[in-house]
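The values are calculated or read from the model by the stated rules, or taken from the named source; none is laboratory data. Please read these numbers as outputs of a predicted model, since none were measured by experiment. Please note: Cβ atoms are built from the backbone with ideal geometry, for glycine as well, and neighbour counts cover all protein chains shown. Just so you know, the surface numbers come from the protein's heavy atoms only, side chains and all, with ligands and any DNA or RNA stripped out. Shrake-Rupley method; radii C 1.70, N 1.55, O 1.52, S 1.80 Å.
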Amino acid sequence: MKLLEDRIKKDGEVLDGDVLKINSFLNHQVDPQLMMACGEEFKRLFAKKKIDKVLTCEASGIAPSIMTAYVLGVPMVFARKKKPSTLNDAVYWADVFSYTKKVNNKICVEERFLHKDENLLIIDDFVAHGEAVKGMVNIAKQAGCNIVGVGAVVAKTFQGGSSWVKEHGYHFEALANIDSFENGQVHFAGEE
């Protein structure tokens, strides 16, 4: 998605450890027009799929996922990283390791929001090693849901997560595929 790639080139910052900081439009401050364009593109990319719900993980996945759910006309559910006191004990749990923060998180979704045989589209902000996606896949399987696809706003293809998704037979689409970071520059797939 050229609009997204251009924004990454303009406002993204490559940090040590192969980290891409794009908090001016996705992770801290959110550009709603860009997120709506992402939602519309996900709708186009998964147009042939029957989608009942969009599943994501808090917090950075929420903005692109809510826009995707909005244009699809379906609910969006997000996995929480901490169980609030208002949440009952009927939850699906999965362990997720964050390479960016170097911590293990337990993510959860209340059971009443996911139903057997529902068709889920999983959306994530970044797919690098794929840990968040693996956790969401785990939760979807516990619920007996069908995963119709996995979308990423950004995929760092050199870190293996997108390969894992494809190797497990899921339809995968990323709006920006990054092949490498060299000399502090982002290099997208297919770029000279």
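Brief remarks follow.
- The range 94-104: number of residues that are open to solvent by 30 Å² or more (accessible area, probe 1.4 Å) and either touching a helix residue (DSSP H, G or I) at 6+ places or on another chain (Cβ under 8 Å) or over 28 Å from residue 14 (Cα atoms) (or both): 3
- Any hit, the range 170-192, residues being within 21 Å of residue 114 (Cα to Cα), part of a loop (DSSP other than H, G, I, E, B) and either among the aromatic types (Phe, Trp, Tyr) or at pLDDT below 95 (or both): yes
- Condition check for residue 81: under 14 Å from the mean Cα position of the chain (by Cα) and either basic (Lys, Arg) or modelled with pLDDT of 95 or more (or both): no
- Restricting attention to the range 106-136 and to residues that are within 24 Å of residue 157 (Cα to Cα) and in contact with a Leu (Cβ under 8 Å, 6 or more places away or on another chain), the residue that is most open to solvent (accessible area, probe 1.4 Å) turns out to be 126.
- Residue in the range 21-37 that is open to solvent by less than 50 Å² (accessible area, probe 1.4 Å), touching a strand residue (DSSP E or B) at 6+ places or on another chain (Cβ under 7 Å), farther than 22 Å from residue 170 by Cα and among the hydrophobic types (A, V, I, L, M, F, W, C) present: yes
- Of all residues in the range 6-18, none are closer than 24 Å to residue 136 by Cα, of a type in the set (A, V, I, L, M) and open to solvent by 30 Å² or more (accessible area, probe 1.4 Å).
- Selection of the range 150-192 for residues being small (Gly, Ala, Ser) and either touching a Lys or Arg at 6+ places or on another chain (Cβ under 6 Å) or surrounded by fewer than 17 Cβ atoms within 10 Å (Cβ to Cβ) (or both) yields 160, 163, 169, 180, 184, 189, 190.
- Subset of the range 67-86 that is among the small types (Gly, Ala, Ser) and farther than 25 Å from residue 97 by Cα - its residue that is surrounded by the most Cβ atoms within 10 Å (Cβ to Cβ): 69
- Just one residue in the set 2, 43 is open to solvent by 80 Å² or more (accessible area, probe 1.4 Å) and at pLDDT below 95; that residue is 2.
- Close pairs from the range 54-66: first open to solvent by 10 Å² or more (accessible area, probe 1.4 Å), partner among the hydroxyl-bearing types (Ser, Thr, Tyr), Cβ under 8 Å, at least 6 apart: 62/56
- The number of residues in the range 1-46 being in contact with a helix residue (DSSP H, G or I) (Cβ under 9 Å, 6 or more places away or on another chain) and in a loop (DSSP other than H, G, I, E, B) comes to 8.
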